[in-house]
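The values are calculated or read from the model by the stated rules, or taken from the named source; none is laboratory data. Since this is a predicted model, take the numbers as computed values, not measurements. Cβ atoms come from the backbone with ideal geometry, glycine included; neighbour counts cover every protein chain shown.
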Amino acid sequence: MKESSHINRGVLWILLCGVYLTSFSLLGFEIALTRLLSVMLSYHYVFAVVSLALLGLGVGGVFVHFFRPEIPRGHNRFGALVLFAGLCSLAMALSTLLVVKIGHIESIRNNILFYCFVLSTPFFFGGVFFAEVFRMYPAISARLYGADLVGAAAGCIGVILALNIIGGISTMFLFAVITSMAALLFAFGAELMQ
């Protein structure tokens, strides 16, 4: 607890910016996903995206609670954040590719379980990421939560602009790139902490 309350100002800003970017991209990805699935599937399946997002975020938090009991120390803290933000980014890109490329196969097109599994993985890694952040830095949780909320609000606005300018699939890849930028920020933060 004491360690998390005494991080330097540069590391704090990197942490807050990384949380902002990850929250921005996860919520934007979720909204872009509803647009994509409204074209690929029947419209009533689109609302399952919200449920998948909540399921993935919740399961990610439960995973951290039961399977990652030890809190990393020092620069290893940012190493864990690099890993989970990077996996979230990769899962966004791969799930988009799978839905677009494999979703046209007739036997898979009608299999809602396929979509549930593939599309909940980015949110699972996002849930693991956010659970790790709040577990590692409880002393600054109010600031982290503020960055999370501001990022989510900006993601809701940013996704509308991105969808109108570059289209649905490109927007989903854009959010994967934004999440990878958060991972790079955390990698830079790990270097600062050494």
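Screening V177 on (1) within 12 Å of the chain's Cα centre (by Cα); (2) crowded, with 17+ Cβ neighbours inside 10 Å shows it passes everything except condition (2). Annotation note: of F134, F117, F186, F130, the sole residue that is under 23 Å from V46 (Cα atoms) and either assigned to a helix (DSSP H, G or I) or without any contact (Cβ under 8 Å) to a residue 24 or more places away in the chain (or both) is F117. All conditions but one from (1) at positive phi; (2) touching a Ser or Thr at 6+ places or on another chain (Cβ under 9 Å) apply to G167; the one that does not is (2).
Filtering the stretch 28-39 for residues that are modelled with pLDDT under 90, loosely packed, with under 15 Cβ neighbours inside 10 Å and of a type outside the set (S, T, Y) leaves a non-empty set.
L94 meets the conditions (1) under 18 Å from the mean Cα position of the chain (by Cα); (2) exposed (fewer than 15 other Cβ atoms within 10 Å of the Cβ); (3) more than 18 Å from T22 (Cβ to Cβ) in every case but one. The failed one is (3). Counting the residues of the stretch 40-73 that are among the small types (G, A, S) and within 20 Å of A182 (Cβ to Cβ) gives 4.
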